[in-house]
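S.K.: Below is the structure I would like to discuss, written out as structure tokens.
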Amino acid sequence: MGINVNYYKILGDVAKVESPYLRVRDIMVTKIATNTFEYTYKLEILLNGAEVHTERKLFVKTSVSDLTNWKIAYSHLKAELTTKGITFTDSV
């Protein structure tokens with residue numbers, strides 16, 4: 001499971017990777033308060049099946065949901081891409 005995007009900026013927006021495949025790995029969840037959870041995951045950026053860059057992502061979710069941790073992480077990534085105006089499609 002992953003996401004195909006038209007581009008993704010890396011290294012503090014210094015470099016732009018065209019048409020990469022993004023995938024989420026190594027999800028960790030820590031309860032930091034009642035109904036407040038900190039999620040971290042590794043975002044892998046791939047070109048032609050080869051990993052070219054990785055980033056750690058962190059976000060806090062303040063509500064309990066019935067979604068799996070994978071769906072929560074991918075939803076976070078998709079929201080981030082949408083905010084940045086990056087076009088994407090899901091890939092299974």
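S.K.: Out of (1) exposed (fewer than 13 other Cβ atoms within 10 Å of the Cβ); (2) in contact with a Leu (Cβ under 7 Å, 6 or more places away or on another chain); (3) among the aromatic types (Phe, Trp, Tyr), the odd one out for Trp70 is which?
M.R.: Tallying (1) exposed (fewer than 13 other Cβ atoms within 10 Å of the Cβ); (2) in contact with a Leu (Cβ under 7 Å, 6 or more places away or on another chain); (3) among the aromatic types (Phe, Trp, Tyr), Trp70 fails exactly one: (2).
S.K.: Residues to consider are Ser63, Ser75; find the one that is open to solvent by 40 Å² or more (accessible area, probe 1.4 Å), in a loop (DSSP other than H, G, I, E, B) and out of contact with any helix residue (DSSP H, G or I) (no Cβ under 8 Å at 6 or more places or on another chain).
M.R.: None of the others qualify; the one that does is Ser63.
S.K.: Do we have any residue at all in region 81-92 that's part of a loop (DSSP other than H, G, I, E, B) and under 13 Å from Met1 (Cα atoms)? Break it down stepwise before answering.
M.R.: Start the filter on region 81-92 by keeping residues that are part of a loop (DSSP other than H, G, I, E, B), which leaves 84-87, 92.
Adding the requirement that they be under 13 Å from Met1 (Cα atoms) leaves 92.
Yes, region 81-92 contains at least one residue that is part of a loop (DSSP other than H, G, I, E, B) and under 13 Å from Met1 (Cα atoms).
S.K.: Could you list, in sequence order, all residues of region 28-44 that are within 16 Å of Leu77 (Cβ to Cβ), hydrophobic (A, V, I, L, M, F, W, C) and over 10 Å from the mean Cα position of the chain (by Cα)?
M.R.: Once the filter is applied, which keeps residues that are within 16 Å of Leu77 (Cβ to Cβ), hydrophobic (A, V, I, L, M, F, W, C) and over 10 Å from the mean Cα position of the chain (by Cα), region 28-44 yields Met28, Val29.
S.K.: List the residue pairs whose Cβ atoms are under 7 Å apart, where the first residue sits in region 75-88 and is of a type outside the set (Gly, Ala, Ser), the second is assigned to a helix (DSSP H, G or I), and the two are 6 or more positions apart or on different chains.
M.R.: Close Cβ pairs (under 7 Å, with a partner that is assigned to a helix (DSSP H, G or I)) amount to Phe88/Lys78; Phe88/Leu81.
S.K.: Which number in (1) in a loop (DSSP other than H, G, I, E, B); (2) under 10 Å from the mean Cα position of the chain (by Cα) marks the one condition that Lys57 misses?
M.R.: (1)
S.K.: In region 2-40, what count of residues is obtained for those that are open to solvent by 80 Å² or more (accessible area, probe 1.4 Å), at negative phi and not in a strand (DSSP E or B)?
M.R.: Residues meeting the conditions: 2.
S.K.: Something else now. Every residue in region 41-55 that is surrounded by fewer than 10 Cβ atoms within 10 Å (Cβ to Cβ) and modelled with pLDDT of 95 or more, please.
M.R.: The one that is surrounded by fewer than 10 Cβ atoms within 10 Å (Cβ to Cβ) and modelled with pLDDT of 95 or more: Ala50.
The values are calculated or read from the model by the stated rules, or taken from the named source; none is laboratory data. Everything numeric here is computed off the predicted structure, so don't read it as measured data. Note: ideal-geometry Cβ built from the backbone for every residue, glycine included; neighbour counts use all protein chains shown. For the accessible areas, the whole protein counts, side chains as well, though only heavy atoms, and no ligand, DNA or RNA atoms are used. Shrake-Rupley method; radii C 1.70, N 1.55, O 1.52, S 1.80 Å.
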